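Structure, as C-alpha cells:
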Amino acid sequence: MSLSDPLGDMLTRIRNAQRARHAACVAPASRLRASVLEALKREGYIRGFSVEEIRKGISQIRIELKYTDGDPVIKEIHRVSRPGRRVYSKIKELPRVYAGLGVSILSTPRGVLSDAEARAANVGGEVLCRVF
C-alpha cells in the first residue's frame, strides 16, 4: 500500500499511540522521518528512536514516547505542509507556536531544524509540522 503523505502517517501514529498511552510506536523508515524525529528528540518531545531492519531492504522506526506524570509530553502534533498544499516560510515571517511554548519543524537547506534552530541559522524553508 502506498501512502500519499508518509510524514503525516507517522505523525498520526505518534498521536494515536500517545492517546492510547503506549510506551512506543513503529512506523516505516525513511530519511525524512528520521530527521523529523531527530529534531523532536533534540527539543525533548520524544525519548528517542531506533531504526530496525525487518528484512533485507525493509526497515521500520521504533519511536519511544515520552510522558510526564502520566500525561503525554506532546499535547498537539499537526502536519502543516501537505502534498496538496505546500507551506513555505521566510525566517522573518515564521510564526511562533503558542507564543514560543511549542515548536515548528522546518525542512531547510541546512537540514530538518526546529524553528529556534532555523532562527539561529537565519534560514527559512518548508514548514513540515508544528508540535506543542
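The values are calculated or read from the model by the stated rules, or taken from the named source; none is laboratory data. Computed from a predicted structure; not experimentally measured. With ideal geometry, Cβ positions are generated from the backbone for all residues, glycine too; neighbour counts draw on all protein chains shown. Heads up: the accessible areas ignore ligands, DNA and RNA and are worked out on the full protein's heavy atoms, side chains in. Shrake-Rupley method; radii C 1.70, N 1.55, O 1.52, S 1.80 Å.
If a spin label sat at a point 7 angstrom from the Cα of Asp5 along the line to its beta carbon, the backbone N atoms of the stretch 41-84 nearer than 11 Å would be those of 78-84.
Fully extending the segment from Gln60 to Val123, taken as 0.36 nm per residue of separation minus the present Cα-Cα distance, adds 19.6 nm. The candidates Lys41, Lys56, Lys75, arranged from most to least accessible area with a 1.4 Å probe in the full protein assembly, appear as Lys56, Lys75, Lys41.
Heavy-atom accessible area, probed at 1.4 angstrom with all protein chains present, ranks Leu113, Leu37 as Leu113, Leu37, highest first. Of the residues Ala20, Ala34, Ala118, the one that moves most in a GNM of the chain with alpha-carbon contacts below 10 Å is Ala20.
Annotation: extensible slack from Lys92 through Arg15 equals 24.8 nm (criterion: 0.36 nm per residue apart, minus Cα-Cα distance).
For the chain, the longest principal axis of the C-alpha atoms and the axis of helix 6-19 are separated by about 70°.
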